[in-house]
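The values are calculated or read from the model by the stated rules, or taken from the named source; none is laboratory data. All values reported here derive from a predicted model rather than from experimental measurement. Please note: Cβ atoms are built from the backbone with ideal geometry, for glycine as well, and neighbour counts cover all protein chains shown.
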Amino acid sequence: MQVLKINLSHLHNDEWYEFHGDFMDTTGKYGEEALNIKDLRKLYIKHLNKADKKLLVIRKSVYTEEMRAADKERDTLFGSFHRIVKDSLNLPDAAKKEAAKRVYNLVHAYKLNGLNSNYNAESSTINNLLEDLDGYTDDLTLLALGEWVTALRQAEDRFLALRSQRIKETAGKPQGLLTEIRRQVDQFYLSMIHILNAKLMADGLGGNVAVDPDDLDTGTRADDDPTPPELRGNIVYNCVIEWNVIVRAYHSVLAARASRLANKKQQDASDPSSPEDSAPAPTPAGNPGTDAGK
């Protein structure tokens, strides 16, 4: 067994900071002295705190009033679309009612999931919904809801274009300094991982030894020992088991993003127009209302 590898450069700034925060919490739980990383971990935390300060500067410069307005626009469209679909459940035509039921079940699932998260997660949610709606073209056509989907897609494109523009405008000194700090933090992380892997190897637990994520080393203590199982036996072994579960979660984040990017490239190949060149959103049929979706 060994600590799972991950390409840290592929993590977005906030994801990267959360990743290292998770590692800091995990190693703190098992004890920096028991893991033999005390000195490195102190330097690691010091540089991670520097990164946090730089991230605050970047967040303030990127999350502007224009982006908040664009975010509100897409949320309003989503909320109104959800309500229009729900109202369609009451249509007298049996075929339209069945179509409305199928579309509503999908849209309502996303409504329950909520859009009150950060900008990146919210964009992911909306894009996933739009991708899923591609499979309901016949139902949307029957219900005359195609313009609503188009309007939501264009609102999302405008938000993404604005975010991209603002990021380019603020890609100055704070971002440059963050890049260097990220490199330093990652190096401290890799140095600590090297120590953990070396300890596993020395104890005969390293290399290609297969491990069940739930297979903790509880040592030889009695079952009624109040010491948590993860803090018995080989501490490094148990720490790595827990940390690998977290690393796999970040692997899933990167895999999902890679899939979305691949889909977007396919869409761009068939429609070369950029978000900036998109036409203004149409006025959908029906009453858009003022449901903000948050």
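Checking the condition among the polar types (S, T, N, Q), under 18 Å from the mean Cα position of the chain (by Cα) and within 26 Å of residue 135 (Cα to Cα), which residue from 7, 105, 118, 113 passes?
113
Taking residue 97, is it buried (at least 17 other Cβ atoms within 10 Å of the Cβ) and either more than 25 Å from the chain's Cα centre (by Cα) or at pLDDT below 90 (or both)?
On the way: buried (at least 17 other Cβ atoms within 10 Å of the Cβ): no; either more than 25 Å from the chain's Cα centre (by Cα) or at pLDDT below 90 (or both): yes.
Spelling it out, it is not the case that residue 97 is buried (at least 17 other Cβ atoms within 10 Å of the Cβ) and either more than 25 Å from the chain's Cα centre (by Cα) or at pLDDT below 90 (or both).
Can you find a residue in segment 15-31 that is assigned to a loop (DSSP other than H, G, I, E, B) and in the same structural domain as residue 177 (by TED's automatic domain parsing)?
Filtering segment 15-31 for residues assigned to a loop (DSSP other than H, G, I, E, B) gives 31.
Checking which are in the same structural domain as residue 177 (by TED's automatic domain parsing) leaves us with 31.
Yes, segment 15-31 contains at least one residue that is assigned to a loop (DSSP other than H, G, I, E, B) and in the same structural domain as residue 177 (by TED's automatic domain parsing).
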Query raised in the report: Restricting the first residue to segment 195-208 and requiring it to be at positive phi, which pairs with a second residue that is part of a helix (DSSP H, G or I) meet a Cβ separation below 8 Å and a spacing of at least six or different chains?
Result: 207/201
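Tell me, which helices (runs of 4 or more DSSP H) wholly within segment 88-157 include 2 or more residues that are touching a helix residue (DSSP H, G or I) at 6+ places or on another chain (Cβ under 7 Å) and among the β-branched types (Val, Ile, Thr)?
Working: elements: 94-113, 119-133, 137-142.
Per the criteria, 94-113, 119-133.
Results for (1) touching a helix residue (DSSP H, G or I) at 6+ places or on another chain (Cβ under 6 Å); (2) surrounded by fewer than 16 Cβ atoms within 10 Å (Cβ to Cβ); (3) farther than 29 Å from residue 228 by Cα; (4) at pLDDT 90 or above, shown as yes or no for each residue.
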| residue | (1), (2), (3), (4) |
| --- | --- |
| 25 | no, yes, no, yes |
| 28 | no, yes, no, yes |
| 31 | no, yes, no, yes |
| 42 | no, yes, no, yes |
| 49 | no, yes, yes, no |
| 54 | yes, no, yes, no |
| 60 | no, yes, yes, no |
| 70 | yes, no, yes, no |
Report summary line: Checking 127, 118, 105 in turn, the sole residue that is within 26 Å of residue 264 (Cα to Cα), in contact (Cβ under 8 Å) with a residue 24 or more places away in the chain, exposed (fewer than 13 other Cβ atoms within 10 Å of the Cβ) and not acidic (Asp, Glu) turns out to be 118
